[in-house]
Each structure stands twice: as structure tokens, then as C-alpha cells.
Amino acid sequence: MAQKEAQGVAEKKKGRRGPGSVIGSSAVGCVCAVLTIYGVGGEAFTRLWRLGFIASFCTKLSDTVSGEIGKAYGKTTYLVTNFQIVPRGTEGAVSVEGTVAGLLASILLATIGCLLGEINVPEVLICVIASQIANLGESIIGAAFQGKEGFRCIHVQHIVAQEIRRYDLQDT
């Protein structure tokens, strides 16, 4: 935490998350888990709920890892909307180091889901692609709106990322 504070990239409240953040990060995955447990929609939908569950947490893990690695080790950070070089920690900024770490985290979690028999090999690819599309969408929203007058709710980004992921999964 001291390193983040010294670099000016520390989160508010020393990174502690409130209930809204926890709910926003886990709601889609939890709903998919409940739908799976109760077999809503039969076997065909159960596979979709499992896929949604894994994809949801792949996205959250990828987002968290890419942000933390990018803030800590990103050599050059770019604003995702115009590729302007910006300081680490800037909303909507991405780095190669953070992006690669987030991608690898998503691949790892999706692969574990496959090894546990929750999803199959093609669905691993779907989870990874959906997570990266959602993270890119969240970065675009952060770059375009976060910190602007009238747009103060970071949870909106998480909701939009979840919706992008849900839409992406429905197309498969």
C-alpha cells in the first residue's frame, strides 16, 4: 500500500471495498450459480449458467489483475480511447504489462473451470474473449466518463461490463 501511495495510484479507503463493490462484482456469477443449482431451464440452460458463472469471474479476475499489475509494473500507460500516454492509475488507462497479466489470469481461471468439468474447451475461449471485451468496454467507459461532472458512480462501469459479458455469452 505504501508503494501505491508513493506512486499516487492508491485507491480510496486504502483499497477497502464496500458492500456495493462486492455485490456489483459477484452478482452475475452468484445468479448464474443459483440458476445452475436449481436447474432453471433444463440441461441446455444449465450449461449456459455454468458458462456465465465462469465468464463472470474470469472478467472480474482479469480486471483486478490487470489493474493491479498495470498500476504496480506498467512501464507506459495509455488512455484506451486515444492512446495518449498518461500516468499510471488514470481511469481508462491500460498498459501492456497489465493487459497481458489480466489475459493470463482469465486464461488460468477458465482453464481451471474446464479441468473441473464446469465448461468445455471451446467455452474456455468464450470466457477469455468475453472477459477481455468486457474489460475493454470498462476501460473505455472509465476513460470517457469517470471523473467527469455528473458521472461519479464506478459501479455503473461494473454493471455495464457485466451486461457486455452477458450479451457476449448469449450470442454463443
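The values are calculated or read from the model by the stated rules, or taken from the named source; none is laboratory data. Here the structure is a predicted model, which means the values were calculated and not measured. Cβ atoms come from the backbone with ideal geometry, glycine included; neighbour counts cover every protein chain shown. Accessible surface is based on the protein model in full, side chains and every heavy atom, while ligands, DNA and RNA are left aside. Shrake-Rupley method; radii C 1.70, N 1.55, O 1.52, S 1.80 Å.
Quick look at the numbers
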| read-out | value |
| --- | --- |
| Lone qualifier among SER62, SER56, SER66 - being touching a strand residue (DSSP E or B) at 6+ places or on another chain (Cβ under 8 Å), at pLDDT 95 or above and either crowded, with 22+ Cβ neighbours inside 10 Å or among the hydroxyl-bearing types (Ser, Thr, Tyr) (or both) | SER66 |
| Lone unmet requirement of (1) surrounded by 16 or more Cβ atoms within 10 Å (Cβ to Cβ); (2) of a type in the set (A, V, I, L, M, F, W, C); (3) modelled with pLDDT of 90 or more for ALA143 | (3) |
| When residues of segment 69-99 are limited to those that are more than 19 Å from PHE145 (Cβ to Cβ) and without any contact (Cβ under 8 Å) to a residue 24 or more places away in the chain, the one least open to solvent (accessible area, probe 1.4 Å) | THR76 |
| Among (1) surrounded by 19 or more Cβ atoms within 10 Å (Cβ to Cβ); (2) assigned to a helix (DSSP H, G or I), the one test that ILE119 misses | (2) |
| The one condition in (1) assigned to a helix (DSSP H, G or I); (2) open to solvent by 50 Å² or more (accessible area, probe 1.4 Å); (3) touching a residue at least 40 places away in the same chain (Cβ under 8 Å); (4) not basic (Lys, Arg) that ALA110 fails to fulfil | (2) |
| Test: residue in segment 160-172 that is touching a helix residue (DSSP H, G or I) at 6+ places or on another chain (Cβ under 7 Å), open to solvent by 60 Å² or more (accessible area, probe 1.4 Å), at pLDDT 95 or above and not polar (S, T, N, Q) | no |
